[in-house]
Amino acid sequence: MRRLISLLLLLIVALGLALCLSGAPFGARGADEGAGLAPDKVNFGRRYNERGLEENGAANIVTSVVVNYRGFDTLGEVTVLFIAAVGLAAVLYTRTGKAASAGAEPSSLVLFTGCRFLFPLILLLGAYIFIHGHLTPGGGFQGGAVVASGFLLIYLGCPDRKLSKAAVGAVESLSGLAFVAVALVGLTVGGSFLLNFLPKGTVYGLLSAGIIPLIYVLIGFKVGSELGGIIDNLSGGSE
């Protein structure tokens, strides 16, 4: 019975893909073939490159796409990461109510000294990346991953130091709530979820691009705290 249901679902997916791809013009080619769609509305890459700077004020067009034009997708990606972190914590949690831990070998002198010296610099680099995401390549996910690498270095070089579970949870929750709040403000002010309602400022300026740098800062905090929590769970628990 299970094989029959799996085969049926596979056939449904295959049928859906066949209907989507058979005889249905799409993209710029579809507009050229007379699909009734204007080329500037179909060729999204061209439209973003031509109008992104004017509409959003972000020098990094990729940022405009990720945070503004497709900001709802980004919110979904952050949600997926949150679910993965919660799921991993649930899997690693033991029946006794304590996180599973194992004795770790002491780190070398080089690694022990390096983790103390490099940790604040790594945090600074991660913050720089997500604060300047609307100006240079990078953004909230990249900056958050760099911040999490600092926590990984702490785990490897200074295993006696543990993250505060309450602090990590607070940062993760508040940044996620703030992300949704900014999106709802745009819906209230202009009738569009994640509307770029703040002044766009001067292009190439730090305080520019409206809500985009604000969203990237929130994403940086959220991703960094979630990945840091995952590393802490894998290392054997937190305080």
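The values are calculated or read from the model by the stated rules, or taken from the named source; none is laboratory data. Note that this is a predicted model, so its numbers are computed, not measured. Note that each Cβ is placed from the backbone with ideal geometry, even for glycine, and that neighbours are counted across all protein chains shown.
Results, tabulated for the structure shown:
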read-out	value
Filtered residues of the range 115-167 (kept if in a helix (DSSP H, G or I) and among the basic types (Lys, Arg))	ARG116, LYS165
Leading residue by the ranking (surrounded by the most Cβ atoms within 10 Å (Cβ to Cβ)) among those in the range 55-77 that are assigned to a loop (DSSP other than H, G, I, E, B) and in contact (Cβ under 8 Å) with a residue 60 or more places away in the chain	ALA58
Qualifying residue in the range 174-197 (condition: under 23 Å from LEU125 (Cβ atoms) and in a loop (DSSP other than H, G, I, E, B))	no
Verdict on GLY140 being within 19 Å of LEU75 (Cβ to Cβ) and surrounded by 17 or more Cβ atoms within 10 Å (Cβ to Cβ)	yes
Tally of residues being modelled with pLDDT of 80 or more and assigned to a loop (DSSP other than H, G, I, E, B) across the range 22-49	0
Candidates GLY87, GLY52, filtered to the one that is assigned to a helix (DSSP H, G or I), modelled with pLDDT under 85 and in contact with a helix residue (DSSP H, G or I) (Cβ under 7 Å, 6 or more places away or on another chain)	GLY52
Selection within the range 111-155 - at pLDDT 90 or above and among the β-branched types (Val, Ile, Thr)	ILE122, ILE129, ILE131, VAL146, VAL147
Every residue from the range 122-137 that is more than 29 Å from LEU53 (Cα to Cα) and surrounded by fewer than 18 Cβ atoms within 10 Å (Cβ to Cβ)	LEU123
